[in-house]
Amino acid sequence: MPEPTQPPALRPVPPVPPPLESDLPLYQQIAQALAQLIHGGTLKAGQRLPSVRETSVAHGVSISTALQAYRQLEEQGLAQARPKAGYFVRRPQRIAQPGLSAPPQRSFLVERQTRSEGFAMLHQPGDRASFGGFAPEQSTLFDEERLRVAIGRASRVHRHSLTEYNKADAGRPALRQAVARRALHLGCALDAAHIVITASCTQAVSLCLRAVTQPGDVVALESPTFFGYLDLIESLGLRVLEIPTHPATGLSLPALELALDTQPVKAVLAAPTLSNPLGSVMPMGAKQKLVKLLAQRGVPLIEDVVFNDLLAGDERRKAAKSFDTDGNVMVCGSFAKTLTPGIRLGWVEAGRWRDSVASHKRLQGAATPVVLEEALADLLNQGSYEAHLRRLTTYMNQRRNEARRLIAHHFPPGTKVSNPPSGDTLWLELAPDLSAMELFRRCAAEGITFGPGGFFTATDRYRHCLRLNFSGPWTTLEMQALARIGEIARQMLQENPEKKRA
């Protein structure tokens, strides 16, 4: 008897994207769904994507719509077409990260136009795309209806507060208790009675600086650093000492220890978790050593935890404050970056300086609105906040990964880009002789803006660096604009062969 013939081998069927649920055009929804499968590892480098016809049938769209989706994936550097074979997941181009920063080993006064004013000018009406923001601008990232209901409820229940001064100088008990409960996710067991509510995280940091320094004192901080810190230090007449910082592991402890040995440092201001602009995260052991080092020297640490919640589900979310046993860490936070930008209330637990911080707030007459405090407490006490954080983190990570692929594909060879585990910013290091300000001027002429590196230092460093922020809209328009920044940078290098060789 003839042997039975073997059935032909079946070609593996590529996974089909999940159902579409969005207000975006259909082709963008399909592209985002496929990108999600790529970022999540379901579709791996070199693997064949579902055919244009398969995608067309799966989503009930035309062939041209499905083809438009694949062309968008090509623009993002996620897919490539092979003649007569279809579309395949593009193998990612390797892109280096910047190294340890090297600021001057001395302190100096900050003397220049405030960076906050400069940043306010980056995004002008009619701009094509802005990557210079520093706060979430896309309302779809947040639950506006839930916010409206919470404020409406607080306005009804506490309507008398609209015609009275807020007599709770440190803040409403309900919000202070809600903050203390949220701090448990940062590994901190805070006493609600010791928490002070502020108008913003920036004000919380300002109150801490006032409590532990005098004009002329030296404050150590990361380099590069958040431009708002520099504005605060300038306004208080303090001196800046920038400490080398690595884009992955954050503040250099050896460099900080040397600074403490050689400089009269009165305070350290840092964001050990998702620093701005680098997005660096200090390892847990390094956070603990940082707290111990400063406690031994009697130097307070002012810790900014405003971005920690964007590491939802990650143990690195834990704050340095969690290792504090003697009140030497002053922890400052806000929910404007994660829950609602419209309520900019901040908070601070100032350890040994809590009475001084509360006193400075009273002296400034900076009472915060009862209705907003009660509404924020309501929102924080709702059980959906952690789920919202996970969704927001996942969404921003996908957006940032797409941006890194675009940078690798369109920016000049040798460009270095940070690779933070979360957040909405990337730090780019271009060729040493390429001026980020000149690049900014050329891009701004086309309606595209970003943050030049010089905004993030009190020195003349980082002239060839820039920060990109992705908290605004993220559509095909922004992706094309990001690619255009890279194209203009390439043109600048071609104009000067010496820069190209560098």
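The values are calculated or read from the model by the stated rules, or taken from the named source; none is laboratory data. Every value quoted in this text rests on a predicted model; they were computed, and no experiment measured them. Cβ sites come from the backbone with ideal geometry, for glycine too, and all protein chains shown count toward neighbours. Calculation scope for accessible area: heavy atoms of the full protein, side chains included, ligands and nucleic acids excluded. Shrake-Rupley method; radii C 1.70, N 1.55, O 1.52, S 1.80 Å.
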Residue hits (region 281-323; among the acidic types (Asp, Glu) and touching a residue at least 60 places away in the same chain (Cβ under 8 Å)) are Asp304, Asp309, Asp314
From Thr415, Thr393, grab the single residue that is of a type in the set (Val, Ile, Thr) and either within 20 Å of the chain's Cα centre (by Cα) or crowded, with 21+ Cβ neighbours inside 10 Å (or both). Thr393
Checked against (1) among the small types (Gly, Ala, Ser); (2) assigned to a loop (DSSP other than H, G, I, E, B); (3) surrounded by 14 or more Cβ atoms within 10 Å (Cβ to Cβ); (4) at pLDDT below 65, Gly126 satisfies every condition except (3)
Residues located in region 323-336, provided they are crowded, with 23+ Cβ neighbours inside 10 Å and within 20 Å of Thr393 (Cβ to Cβ): Gly333, Ser334, Phe335
Are there strands (runs of 3 or more DSSP E) fully within region 250-361 with at least 3 residues that are closer than 21 Å to Val240 by Cα? List them. 265-270, 301-304, 329-334
How many residues, within region 388-414, are assigned to a helix (DSSP H, G or I) and under 24 Å from Met492 (Cα atoms)? 8
Among (1) modelled with pLDDT of 75 or more; (2) in a loop (DSSP other than H, G, I, E, B) - the single one Gln105 does not satisfy: (1)
Anything in region 453-470 that is in contact (Cβ under 8 Å) with a residue 24 or more places away in the chain and open to solvent by 10 Å² or more (accessible area, probe 1.4 Å)? List them, or say none. Phe455, Ala458, Thr459, Arg461, Tyr462, Arg463, His464
Within region 8-19, is there a residue that is β-branched (Val, Ile, Thr), farther than 29 Å from Pro277 by Cα and at pLDDT 65 or above? no
Top-ranked residue of region 357-390 - restricted to ones that are out of contact with any helix residue (DSSP H, G or I) (no Cβ under 6 Å at 6 or more places or on another chain) and polar (S, T, N, Q), ranked as most open to solvent (accessible area, probe 1.4 Å): Gln364
Return the total of residues in region 320-336 being in contact with a Cys (Cβ under 6 Å, 6 or more places away or on another chain) and either over 17 Å from Ile197 (Cα atoms) or of a type outside the set (Gly, Ala, Ser) (or both). 4
Quick one: is Val306 closer than 29 Å to Arg467 by Cα and open to solvent by less than 40 Å² (accessible area, probe 1.4 Å)? yes
Here is a check on your reading of the model: is Thr425 touching an Asp or Glu at 6+ places or on another chain (Cβ under 9 Å) and under 30 Å from Pro25 (Cα atoms)? no
On the given criteria, is Lys266 open to solvent by 20 Å² or more (accessible area, probe 1.4 Å) and at pLDDT 95 or above? yes
If we scan region 432-452, do we find a residue that is in contact with a Phe, Trp or Tyr (Cβ under 9 Å, 6 or more places away or on another chain), buried (at least 23 other Cβ atoms within 10 Å of the Cβ) and assigned to a loop (DSSP other than H, G, I, E, B)? no
Which number in (1) closer than 21 Å to Thr273 by Cα; (2) in a loop (DSSP other than H, G, I, E, B); (3) open to solvent by 50 Å² or more (accessible area, probe 1.4 Å) marks the one condition that Ser422 misses? (3)
Unmet requirement for Ala320, which otherwise passes all of (1) of a type outside the set (Val, Ile, Thr); (2) under 20 Å from Thr425 (Cα atoms); (3) open to solvent by less than 30 Å² (accessible area, probe 1.4 Å): (2)
